[in-house]
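Below: one structure, written as structure tokens.
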């Protein structure tokens, strides 16, 4: 419990620095800082770190996934504000988290996780690239660039989670679109930032994907 509380507090404290990074990118699109940005991003970061601290044992794995979680919060915030997923943040998140996952796999004597992480990254990239091409840009190229990071995070745990993460992400995006249409805030051709839904689907799959697979596929 103490570890979870500490993780939440760290995430909340990082709200300001994360927003500062986001603002450096948003200014390129002439977008002003949002109201309550530090509080909102801090709560999101704290929530993600707290959930991961509760799910993972202390160690290299937790550090690696915490970095991924913070990167996804930052990317989601920027995408919600600007419909843009900066490649620099995607690459930096993958580069910063991957070494910890490599060490974790070796320390746990499970080198197959590295292979599965690579395969997961390739599968996620292939699927989102196909969707991007078939939708003629309806799914942005930033989402395609995000795919290897998400696939790596899910594949490292279980290759089956790649499909679960995609399912949860597309389901969340579809539900959000339906709700917005019912509220009159969107129509069928309205483009929504899809990065936050992919991130949400990935985070939910990381913490709840295994029970889902056990209940639906492996029962």
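The values are calculated or read from the model by the stated rules, or taken from the named source; none is laboratory data. No experiment lies behind these values; they were computed from the predicted model shown. Note that each Cβ is placed from the backbone with ideal geometry, even for glycine, and that neighbours are counted across all protein chains shown.
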Return yes when residue 38 is surrounded by fewer than 21 Cβ atoms within 10 Å (Cβ to Cβ) and closer than 18 Å to residue 17 by Cα and no when it is not. yes
Would you say residue 9 is surrounded by 13 or more Cβ atoms within 10 Å (Cβ to Cβ) and within 22 Å of residue 153 (Cβ to Cβ)? no
So, residue 177, is that one crowded, with 16+ Cβ neighbours inside 10 Å, out of contact with any helix residue (DSSP H, G or I) (no Cβ under 7 Å at 6 or more places or on another chain), in a helix (DSSP H, G or I) and at pLDDT below 95 or not? yes
Heads up, the helices (runs of 4 or more DSSP H) in region 8-125 (entirely inside) with at least 3 residues that are closer than 27 Å to residue 173 by Cα, touching a residue at least 12 places away in the same chain (Cβ under 8 Å) and within 16 Å of the chain's Cα centre (by Cα) are 37-55, 60-82, 87-107
State all residues of region 137-146 that are over 17 Å from residue 69 (Cβ atoms) and in contact (Cβ under 8 Å) with a residue 24 or more places away in the chain; if no residue qualifies, say none. 138, 139, 140, 142, 143, 145
Looking at (1) surrounded by fewer than 15 Cβ atoms within 10 Å (Cβ to Cβ); (2) under 27 Å from residue 47 (Cα atoms), which is the one condition that is false for residue 106? (2)
Residues located in region 163-215, provided they are over 20 Å from residue 139 (Cα atoms) and without any contact (Cβ under 8 Å) to a residue 40 or more places away in the chain: 182, 183, 184, 204, 208, 211, 214, 215
Quick check: is even one residue across region 147-159 free of Cβ contacts under 8 Å to residues at least 24 places away in the same chain and surrounded by 16 or more Cβ atoms within 10 Å (Cβ to Cβ)? no
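Matching residues to (1) modelled with pLDDT of 95 or more; (2) over 21 Å from residue 55 (Cα atoms):
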position: 113; (1), (2): yes, no
position: 139; (1), (2): no, yes
position: 160; (1), (2): no, no
position: 183; (1), (2): no, yes
position: 200; (1), (2): yes, no
